[in-house]
1. Averaged per residue, what accessible area in Å² does the stretch B:67-168 show with a 1.4 Å probe, protein chains only?
2. Could you tell me the relative contact order of the stretch B:66-331? Use alpha-carbon pairs under 8 Å, at least six residues apart, and round to a whole percent.
3. Going through the cross-link list A:Lys27/B:Lys75; A:Lys34/B:Lys197; B:Lys133/B:Lys197; B:Lys71/B:Lys289; B:Lys197/B:Lys335; B:Lys86/B:Lys147, which pairs have a Cα-Cα distance over 23 Å in this structure?
4. Sort B:Glu311, B:Glu148 by accessible area with a 1.4 Å probe, largest first.
5. Sort all Cα-Cα distances of the stretch A:19-63 into consecutive 10 angstrom bins from zero, then give the percent of pairs in each bin up to the one containing the longest distance.
6. Evaluate E = 1/(1 + (r/R0)^6) for B:Ala302 and B:Asn245, where r is the Cβ-Cβ distance and R0 equals 41 Å; express this FRET efficiency to the nearest 0.05.
7. Which percent of the accessible area of the stretch B:217-338 is formed by carbon and sulfur heavy atoms (probe 1.4 angstrom)?
8. On a 1.4 Å probe surface of the protein chains, which of B:Met206, B:Met291 comes out largest in accessible area, and what is the full order?
Amino acid sequence: DGVKDKEHKQSFDTSLLEFLVCPLSKKPLRYDEKTNELINEELGISYPIIDGIPNLIPQDARMI
Amino acid sequence: LDNMNNVFIVRRAFSTSCMLCPWRRARKVVLSSGQLAHQSQGLVFKGCTNFKRWFSSRTANSMNIFDRNMKRRQKNWAAALQDGDKYHYLRDEVGSRVADRVFDIARTFPLALDIGCGASHIALHLNKETIEKLFLMDVTVNALKLKETEIPTYRVLADEEFLPFKENTFDLVVSSLSLHWINDLPGAFRQIHHVLKPDGVFIGAMVGGETLYELRCSLQLAELEREGGFAPHVSPYTAVTDLGNLLGQAGFNMLTVDIDDIQVYYPGMFEVLNDLQGMGESNCAWNRKPMLHRDTMLAAAAIYKEMYGSEDGSVPATFEILYMIGWKPHESQAKPAKRGSANMSFGDLGKIIQPPSKKQ
C-alpha cells in the first residue's frame, strides 16, 4: 500500500493546462484549486482530478 | 452440418459480411428461418448462396455500434486483475512493433501522445532520447497507474472519441490496439490530425481485416446448428482497403498502411475466450447477446478444433494487425512535381539506358 499513499499526495501539475482543452468544446479549461477540478465556464461543467490525473471523459463531468 | 461443402459456402458468405466496417452500419442480428438481415437494411442474405445487397443511405452520426461504457468497464476490470500481466503478450508485441516504426523516423520528438496506452505498452519500448515528453491517455485509470517508464510522462484520463488536447500540440501521436472499439473512426482520425503539429506524424496499429476469423466462424456455425441462427460475437473490423481512404479523408498525407498477421496458438477455444477477456477485449457491441449456451460453446470449441486445429492439438487465433502511418501536411514535405513539368516522354522510357541524373 506504500505505493498508493505516494500517489494520493500527487497534486495536479498546472503546466498541463497549456496542452489540455475541454474535450467537448475544445476551449481552454480553468483549474479550481478549492475543489480540485478543471472547469469549463462556457458549458458550465467541471472535470474531476483524481490522484493528479485529470479525468476528461465527458460522461464523468459534473454540471456546476 | 451435413457436409463440408455447406461449410465453405457459409464461410464465403460470412467473409463478405466480415469485410464490413463499422461506419457502414454493419449490424447483423435478425435470426429467422435461415435468413439473416442487417438491421439497417444494408445486407440481406437469403439462404446461404444467393444474397442480395442493398446500399443503405448513409447518414452522418448514425454509427453507434459499440457500448463505450461497457468497454470501459471491461478494460477497468482487466487492468485491475492481479495477474493481468499474463494477458499483455499481444499488446506488448504490437507495442514493440509500433515503437520500431517510431525509431524508423530519424527524429527526436519533443512531445508525443499515446492514445489508449493501456499499461504503457508502447512507451516501455521507447526511450527518452527519442521522446522527450509523453502524454499517456486511456479510458481506465487502473491501466494508467500500472507501469512506470523512463520517459517523463503526463497521465490523462480521456476518451479516444473526445480528445482533450489543443490544436497543433503534438509532434507524434501513437496508438496501439485501441482504435478498433471506436464508433466514429473517421472523427477520431480527424481529431488526431487536429492535435498534431504540421509535419507531425501519426503511427497507429489496430486489429482489423480477418482478425479472429476462426472464432467468428466456429461460433456462427455452432449457433446456427444448435440455435437455428446466430448473433455477432466478434465485432466488425476495418478493412485494410478502407484505412488508407479514411486517413486521407482526415487530412493525412504520405500514408503508409501495412498488415501483419500474428497467430497465437492456444490449447482450445475456451483459452482464447479467457485471454480475450483478460485483455479487456470482450464483445461490447450494442447488439451483443447477453449469454451463450454452454451447449453452443462446446459445439463451437469442437468446430474450432476440427476446422482449424493443428496436429499437436492446439488451435490458432489470428490477429490481423493494421499499421498506419500518416503525416500532417507541411510545406517542407516532399510533394509530387507539378503536372506537365516533366521534360521526357513516358514513351521514351525504353530508350533511357543511363540514370536520368547523369544525363543532365
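1. Working: 4140 Å² over 102 residues.
On a per-residue basis, 41 Å².
2. Contact order relative to length: 23 percent.
3. On the way: A:Lys27/B:Lys75 29 Å; A:Lys34/B:Lys197 34 Å; B:Lys133/B:Lys197 15 Å; B:Lys71/B:Lys289 15 Å; B:Lys197/B:Lys335 18 Å; B:Lys86/B:Lys147 14 Å.
The answer is A:Lys27/B:Lys75; A:Lys34/B:Lys197.
4. B:Glu311, B:Glu148
5. Percent of pairs per bin, in order: 31, 63, 6.
6. My answer for the efficiency is 0.55.
7. Details: 3010 of 5660 Å².
Result for the stretch B:217-338: 53 percent of the exposed heavy-atom area is carbon or sulfur.
8. Order by accessible area, largest first: B:Met291, B:Met206.
The values are calculated or read from the model by the stated rules, or taken from the named source; none is laboratory data. Everything quoted here is computed from the prediction, not taken from an experiment. Because the Cβ atoms are built from the backbone with ideal geometry, glycine has one as well, and the counts that use them run over all protein chains shown. Side chains included, ligands, DNA and RNA excluded: accessible areas come from the protein's heavy atoms. Shrake-Rupley method; radii C 1.70, N 1.55, O 1.52, S 1.80 Å.
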